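Student: Have a look at this one.
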Amino acid sequence: MNIGKEYLKVVREKFQEMKNLGEKAVRQLSEEQIHWIFNEQSNSVAVIIKHVSGNMKSRWSDFLVSDGEKPDRNREQEFEDKGSTRQELMDAWEKGWEILFHALDGLEEQDLLKTVLIRGERHTVLEAIERQIVHYSAHIGQILYIGKQLKGDNWESLSIPKGKSEEFLQQMLKKNPAQ
């Protein structure tokens, strides 16, 4: 087994799982709910999507050759909800993920220890990838949390529903018997 190739495969799968989870959560929300904020210090789902997308475009474009904080990025605007439609938001979301996956798919094992810059700070490619996994998973967790709060009892669980842990475990054991 080639550990570098396996790592890149697993990372790609985890990013895909994050993307899918975020999309499933957003699909449960109305147009109005996507723009809801708890208070002025909070971010709406729309703002989180804009921010994640903007971050992806900046971090992953020309990943190995330019600083991950691109000069044309306006991070502050990512945190302004100017009433973008669901379609506009999801188009931006899709573009960000497309750039991320394109960059990941272009990496080879020998690239993992190369150095990239983010705001002038040096990171190995491995560190940069892990940094973004943490960042995006935190924001997708926020989307899920907001969705659960807004939908209440109408939220369709995206993981194991409360009270169903044992049932799920038995299904998994049946599906994947010990060898």
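The values are calculated or read from the model by the stated rules, or taken from the named source; none is laboratory data. Owing to the predicted nature of the structure, the values given are computational and were not obtained by experimental measurement. Ideal geometry is used to build each Cβ from the backbone, glycine not excepted, and the neighbour counts take in all protein chains shown. What goes into the accessible areas is simple: the full protein's heavy atoms, side chains included, and nothing from ligands, DNA or RNA. Shrake-Rupley method; radii C 1.70, N 1.55, O 1.52, S 1.80 Å.
Student: Any chance you could count how many residues in region 115-128 are open to solvent by 30 Å² or more (accessible area, probe 1.4 Å) and in contact with an Asp or Glu (Cβ under 6 Å, 6 or more places away or on another chain)?
Tutor: 2
Student: Looking at SER58, is it in a helix (DSSP H, G or I), under 19 Å from the mean Cα position of the chain (by Cα) and among the polar types (S, T, N, Q)?
Tutor: It is true that SER58 is in a helix (DSSP H, G or I), under 19 Å from the mean Cα position of the chain (by Cα) and among the polar types (S, T, N, Q).
Student: Just a yes or no: is a residue in region 52-66 of a type in the set (Val, Ile, Thr), at pLDDT 95 or above, open to solvent by less than 60 Å² (accessible area, probe 1.4 Å) and farther than 25 Å from ARG119 by Cβ?
Tutor: Scanning region 52-66, I find no residue that is of a type in the set (Val, Ile, Thr), at pLDDT 95 or above, open to solvent by less than 60 Å² (accessible area, probe 1.4 Å) and farther than 25 Å from ARG119 by Cβ, so the answer is no.
Student: Can GLU109 be described as open to solvent by 30 Å² or more (accessible area, probe 1.4 Å), closer than 18 Å to ARG12 by Cβ and touching a residue at least 24 places away in the same chain (Cβ under 8 Å)?
Tutor: Spelling it out, GLU109 is indeed open to solvent by 30 Å² or more (accessible area, probe 1.4 Å), closer than 18 Å to ARG12 by Cβ and touching a residue at least 24 places away in the same chain (Cβ under 8 Å).
Student: Another question, if that's okay. Working only within region 129-179, note down all residues that are closer than 30 Å to LYS5 by Cα, of a type in the set (Lys, Arg) and open to solvent by 80 Å² or more (accessible area, probe 1.4 Å).
Tutor: Within region 129-179, LYS175 is the sole residue that qualifies.
Student: For the list (1) of a type outside the set (A, V, I, L, M); (2) open to solvent by less than 70 Å² (accessible area, probe 1.4 Å); (3) part of a helix (DSSP H, G or I), I need the number of the one condition that GLU98 fails.
Tutor: All conditions are met except number (2).
Student: Still on this structure, please answer the following. May I ask you to list the residues in region 127-179 that are of a type in the set (D, E, K, R), more than 26 Å from LEU8 (Cα to Cα) and free of Cβ contacts under 8 Å to residues at least 12 places away in the same chain?
Tutor: LYS148, ASP153, LYS162, LYS164, GLU166, GLU167, LYS174, LYS175
Student: Further question: Given the residues GLU32, GLU80, GLU6, which is the only one that is at pLDDT below 95, farther than 20 Å from ILE99 by Cβ and either of a type in the set (Val, Ile, Thr) or open to solvent by 10 Å² or more (accessible area, probe 1.4 Å) (or both)?
Tutor: The conditions single out GLU80.
Student: A further question follows. If we scan region 118-125, do we find a residue that is modelled with pLDDT of 95 or more and part of a loop (DSSP other than H, G, I, E, B)?
Tutor: yes
Student: On to the next question. Which condition does GLU69 not pass, out of (1) acidic (Asp, Glu); (2) open to solvent by 50 Å² or more (accessible area, probe 1.4 Å); (3) not in a helix (DSSP H, G or I), if it passes all the others?
Tutor: Looking at each condition in turn, GLU69 falls short on (2).
Student: On the given criteria, is ALA92 open to solvent by less than 60 Å² (accessible area, probe 1.4 Å), in contact with a Gly (Cβ under 9 Å, 6 or more places away or on another chain) and among the small types (Gly, Ala, Ser)?
Tutor: When the stated conditions are applied, ALA92 passes them.
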